Amino acid sequence: MITIAIANQKGGVGKTTTAINIATAMAATGWKTLLLDLDPQGNASTGLGVEVEARVCSSYDLLVDQVALADCIQPTNIPNLDIIPATVDLSGAEVELVSVEDRTARLRDALTGHTAHDICFIDCPPSLGLLTLNALGAADTLMVPLQCEFFALEGLSQLLLTVERVQQRFNPDLGIVGIVLTMFDRRNRLTDQVADDVRDCLAGLVFESVIPRNVRLSEAPSHGLPALVYDHSCAGSRAYIALARELIGRLPEQRKAA
Ligand code: ADP
Ligand code: MG
């Protein structure tokens, strides 16, 4: 299984929207896909129609109580897409794990050796705390949603510094599969300018596929559906399908065979 952390310490940049829709696109392509909701807000769980009462076993149980992985996974309504949901309990996990010796390795230990899925996406919370560190420790690679706005690059350099530290300390093989520009609005000159700057700085790291600002993407979660199911032909859905195609092209050869 290849594990991809979707992280950016800024909130509201499109992590969860990207996690839900790229996971759905990969599942539609036939990949057995797992979405691990690692944000106490549980937006990915809600967006995939997993009611709070249905979150019997969650990412909190996996991390803190070390419940077996298989017991935390539940199916979604989407074929090939399973989820480990998140509950508000998870907001306490950062504190509860502080005194644990292997606190940054909990998630990696839990996922190691799991072969029932081809790919796992981890939807990270908006911080660089212990939860995100666990995701970076467990991941093969990182996908960074970046909203094209004025301070985007500043936040990005802080994130890249964290990645470097993680590589030095506990996950030397952590890669960055790409940066995805989100909420792109071509009528907005600043958006355009930031996108150009990001491409100038980071060139090949930035996915060609850009996610447009699209109201269908923001409506879909309130119906408990991925945009790809809610309206598969809207501009946002088409962008995520293109992104999935590009992602598959960037994954290491030996892992593409799904
Ligand atoms: P994060 O997980 O980084 O906090 P979200 O994916 O939850 O970000 O997105 C923040 C808000 O913006 C949500 O209300 C979401 O529906 C909306 N949103 C995300 N991406 C888009 C987009 N491309 N177009 C329009 N709205 C979007
Ligand atoms: Mg989120």
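Read-outs throughout are calculated quantities, based only on the coordinates presented, and are distinct from any laboratory measurement. What you see is a predicted model; the values in this text were computed from it and never measured. Positions of Cβ are generated from backbone atoms using ideal geometry, with glycine treated the same way; all protein chains shown enter the neighbour counts.
Points to keep in mind about this one:
- Each of His232 and Glu101 was given a label point 7 Å from its Cα along the Cα-to-Cβ line. The distance between the two points is 5.1 nm.
- Using θ = phi - 60° and Karplus 6.51 cos²θ - 1.76 cosθ + 1.60, couplings along region 172-183 (whole Hz; Gly, Pro as x): x, 8, 4, x, 10, 6, x, 10, 10, 7, 10, 6
- Separation between Cα centres of region 156-209 and region 61-110, rounded to whole Å: 27 Å
- Cα-based convex hull volume of the chain per residue, rounded to whole Å³: 113 Å³
- When Rg and the Kirkwood Rh are both derived from Cα coordinates, the Rg/Rh ratio for region 165-258 amounts to 1.04.
- Spin-label pair Asp192-Gln66: with each label point 7 Å from Cα along the Cα-Cβ axis, the two points sit 5.6 nm from one another.
- As an equivalent ellipsoid, region 81-129 spans semi-axes of 21, 15, 10 angstrom, where each value is the square root of five times an eigenvalue of the C-alpha gyration tensor, largest first.
- For Leu181, the residues whose modelled amide H falls within less than 5 Å of its own, excluding neighbours fewer than 5 places apart on the same chain, are Leu146, Phe207, Ile211.
- Each DSSP beta bridge with both residues in region 2-248 is either parallel or antiparallel, and the antiparallel ones are about 5%.
- Added length on full extension, which subtracts the Cα-Cα distance from 0.36 nm per residue, Glu154 to Gln167: 2.6 nm
- The longest part of the chain holding none of the exposed loop chymotrypsin sites (Phe, Trp or Tyr not before Pro), meaning those outside H, G, I, E and B in DSSP with at most 14 other Cβ atoms within 10 Å, is 1-149.
- Dipole moment magnitude, nearest 20 debye, the chain about Cα centre, only Lys, Arg, Asp, Glu C-beta charged: 700 debye
- Neighbour net charge for Leu228 - beta-carbon separation under 12 angstrom, K R +1, D E -1: +1
- Residue among Thr24, Thr191, Thr87 with the largest mean-square fluctuation in a Gaussian network model of the chain, springs linking Cα atoms under 10 Å: Thr191
- Residues of region 1-35 with amide N under 15 Å of a point placed 7 Å along Cα→Cβ from Ile248: 22-33
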